[in-house]
Amino acid sequence: MKSSGGRGKPQPAPRRRRRLPRRIKRGALWLILAITVAGSYGAIIASRIPAGQAALAEAADRVIAATALFGLVVTDIQVEGRETTDVATVMAALSAARGAPILAISPARAKEQLEALPWVRSATIERRLPGTLFVRLAERHPLAVWQHGGIQQLIDRDGTVIPVDDLSRFAHLLVVVGDDAAPNAAKLIDMLAGQPELAARVTAAVRVGGRRWNLRIDDAIDVMLPEENPDSAWNRLAELERISLLLKRDVQTVDLRLPDRLVLRVNAPPAPQPAPGKKTGKSA
């Protein structure tokens, strides 16, 4: 067997290791720090010894504080869906000052605090590293004023009370009366909206026996809707008003509870007044 003899092939020069871009290195560092903090919190939860819990909590606080040195601080707070709740109230509920370590913000705790606000129905909070807190709010929309037990309260479509002290700016809303009026108000108001001209004249709705509604129109006329098919009766009343101006007459009540007839009760005519100068009664 012949040996190859002579000089071999030249060896390629060793390859230089490529440096990772700085932003990738930062991303990896943030990920490691986040995992470290998550592990610290997991250890706190897992620990059953009070002293151990305190030590782990202190260690986690130190790690979170250290993340601020790497730029993981709150620099921007974005809020979507806010209509009624003022900005200062949202910020106070978040407890997230700009410049604070972003990993110290608990989305679960912030969610709980935001959803305790009067106008907030639900809230979503996200930490978008390195420095953005994103908040999405779904606020309650006032539907009606609920009168029950001698008090009045603002309610939304779900019948949930919106705890506000001053109802004066909601005077344009329909007043629904009765213990079970709140959860049934949305369905009634949707039905009334089918005849908007007449609906604008309804000032109150009284829930009767947990089964049906009486409407107050023009603060003067009571309209009794049936338990079954109230929408048909409502449409019929609107048509009669367009054709004959029924509710412009001297009417006290309109009973629509019977599907094949309309029962009206008119106001009693005023008592005749004696002629001027004419005495009434017997003389002494």
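Return a yes/no flag: does the stretch 64-82 have any residue that is of a type in the set (Lys, Arg), closer than 27 Å to Asp166 by Cα and at pLDDT 90 or above. Walk me through it before giving the result.
Taking the stretch 64-82 as the starting set, the residues that turn out to be of a type in the set (Lys, Arg) are 82.
Subsequent filtering for residues that are closer than 27 Å to Asp166 by Cα retains 82.
Going one step further and asking which of them are at pLDDT 90 or above, we end up with 82.
Yes: the stretch 64-82 contains one or more residues that are of a type in the set (Lys, Arg), closer than 27 Å to Asp166 by Cα and at pLDDT 90 or above.
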- [ ] Give me the pairs, please: first residue somewhere in the stretch 163-176 and in contact (Cβ under 8 Å) with a residue 12 or more places away in the chain, second residue anywhere and surrounded by 10 or more Cβ atoms within 10 Å (Cβ to Cβ) and among the hydroxyl-bearing types (Ser, Thr, Tyr), beta-carbon distance under 7 Å, and either six or more positions apart or on two chains.
- [x] Val175/Thr203
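Listed here are the residues, each with its yes/no results for (1) within 18 Å of Asp166 (Cα to Cα); (2) modelled with pLDDT under 95; (3) among the hydrophobic types (A, V, I, L, M, F, W, C).
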| residue | (1), (2), (3) |
| --- | --- |
| Ala108 | no, yes, yes |
| Ala116 | no, yes, yes |
| Arg127 | no, yes, no |
| Gly131 | no, yes, no |
| Val135 | no, no, yes |
| Pro142 | yes, no, no |
| Val145 | yes, no, yes |
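Would you check if there is a residue in the stretch 188-211 being part of a strand (DSSP E or B), of a type outside the set (A, V, I, L, M) and open to solvent by less than 80 Å² (accessible area, probe 1.4 Å)?
Within the stretch 188-211, one or more residues are part of a strand (DSSP E or B), of a type outside the set (A, V, I, L, M) and open to solvent by less than 80 Å² (accessible area, probe 1.4 Å).
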TODO: Return yes or no: is Leu173 of a type outside the set (Asp, Glu) and open to solvent by less than 20 Å² (accessible area, probe 1.4 Å)?
DONE: no
Task: strands (runs of 3 or more DSSP E) lying entirely in the stretch 69-157 (those with 2 or more residues that are open to solvent by 70 Å² or more (accessible area, probe 1.4 Å)) - done: 76-80, 120-128, 151-155
Task: Unique residue being closer than 27 Å to Gln252 by Cα, open to solvent by 50 Å² or more (accessible area, probe 1.4 Å), of a type in the set (D, E, K, R) and not in a strand (DSSP E or B) when the list is Asp179, Asp165 - done: Asp179
Task: Residue match in the stretch 128-140 (condition: closer than 25 Å to Ala233 by Cα and not charged (D, E, K, R)) - done: no
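With respect to Val251, determine if the residue is in contact with a strand residue (DSSP E or B) (Cβ under 8 Å, 6 or more places away or on another chain) and modelled with pLDDT of 95 or more.
No.
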Task: Inter-residue pairs, beta-carbon under 9 Å, first more than 21 Å from Leu240 (Cβ to Cβ) and in the stretch 179-206, second in a helix (DSSP H, G or I), 6+ apart - done: Ala181/Leu188; Ile189/Ala199; Val206/Ala181
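The values are calculated or read from the model by the stated rules, or taken from the named source; none is laboratory data. Everything quoted here is computed from the prediction, not taken from an experiment. All Cβ positions, glycine included, derive from the backbone under ideal geometry; neighbour counts span all protein chains shown. Accessible surface areas use protein heavy atoms only, side chains included; no ligands, DNA or RNA. Shrake-Rupley method; radii C 1.70, N 1.55, O 1.52, S 1.80 Å.
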